[in-house]
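Coordinate-derived values only; no laboratory data. Just so it is clear, the structure is predicted and the values come from calculations on it, not from any experiment. For neighbour counting, all protein chains shown are included, and Cβ atoms are generated from backbone atoms with ideal geometry for every residue, glycine included.
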Amino acid sequence: MSKAALAVAVLVAVLATPVCADLFSSYAVKGRGNDGSSYDGTVKITPVGQTYRLDFCCDKATGLAVENQDFLAATYSFDNGNGDLNIWKRAGDAWVGVFSDYSDGSLGVEVMSNSDVSVQLDLNRGRSRKPVGTYRMSGTNPDGSTYSGEVEITAWADAFDVTRKIGDVRWTGTAVTFDGAVAINVTQGDDTPRAAVGVVGLFVPDGNGFLGVWAKKGSPQMGAERWVRK
């Protein structure tokens, strides 16, 4: 089997892996923003095909989320046009992680839980520079078609800038990392606001790069994608 065929086979296998749908219907949320202020609330999580819809109370925020291994990534949008990009890792019955509000590249921390388990909010778990670099990208769309291109990740304070090129099409956006995994939110073009929900992706380390899944706003199906560092 050629390397190209093997890559396609691996990506198809990722898409064929059953999506975990064992999230609670709702979670209590507590967190600390990048300005140090604390907050709490509740989030309702609803499976939509291979993805999830998140509804956060009481900021009237809705989100699109994808799950990969022990990680969950989401892009939230608020009524005022702002948003967040979150990544969490499973911690027993809880999910703990970090988020960017797209303001200055700094991060907040957040935990979702309905148990009494004490989970440490540790911002340092989201401050790795390891994702920085340029990668060859190959992927499989939800309809089974394939594509290839390039991804560039550059540092932006504690978050990252992302540029994706597939042929003549350019996508730009933001990424955050937590315990080695990377979440992205990208939209087509250079002048789209960071907070706009476009494509949310969630990637875990794999060899000399990352392997993960993604979904577009409005679609219940996921694609899969591999990055190999150049």
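Once the range 83-103 is narrowed to residues that are farther than 16 Å from V204 by Cβ and of a type in the set (D, E, K, R), the residue that is farthest from the chain's Cα centre (by Cα) is D93.
Cβ-Cβ distances below 7 Å connect the following pairs, each with a first residue in the range 151-176 that is more than 13 Å from D101 (Cα to Cα), a second residue that is aromatic (F, W, Y) and surrounded by fewer than 15 Cβ atoms within 10 Å (Cβ to Cβ), and a separation of six or more residues or different chains: I166/Y147.
Only one of the numbered conditions (1) of a type in the set (D, E); (2) under 23 Å from G63 (Cα atoms); (3) in contact with an Asp or Glu (Cβ under 9 Å, 6 or more places away or on another chain) is not met by D191, and that is (3). The selection criterion, being surrounded by 14 or more Cβ atoms within 10 Å (Cβ to Cβ), more than 26 Å from D206 (Cβ to Cβ) and in contact (Cβ under 8 Å) with a residue 40 or more places away in the chain, holds for G108.
Considering the conditions (1) farther than 27 Å from L23 by Cα; (2) over 17 Å from the mean Cα position of the chain (by Cα); (3) buried (at least 18 other Cβ atoms within 10 Å of the Cβ), S113 is excluded by exactly one of them, (1).
Can you say whether N86 is under 19 Å from G173 (Cα atoms), buried (at least 19 other Cβ atoms within 10 Å of the Cβ) and not hydroxyl-bearing (S, T, Y), as far as the supplied structure shows? The answer is yes for N86.
Candidates in the range 199-230 are the residues that are in contact (Cβ under 8 Å) with a residue 40 or more places away in the chain and assigned to a loop (DSSP other than H, G, I, E, B); of these, the one that is farthest from the chain's Cα centre (by Cα) is K230. Among the residues making up the range 175-198, those that are of a type in the set (S, T, Y) and surrounded by fewer than 23 Cβ atoms within 10 Å (Cβ to Cβ) are T187, T192.
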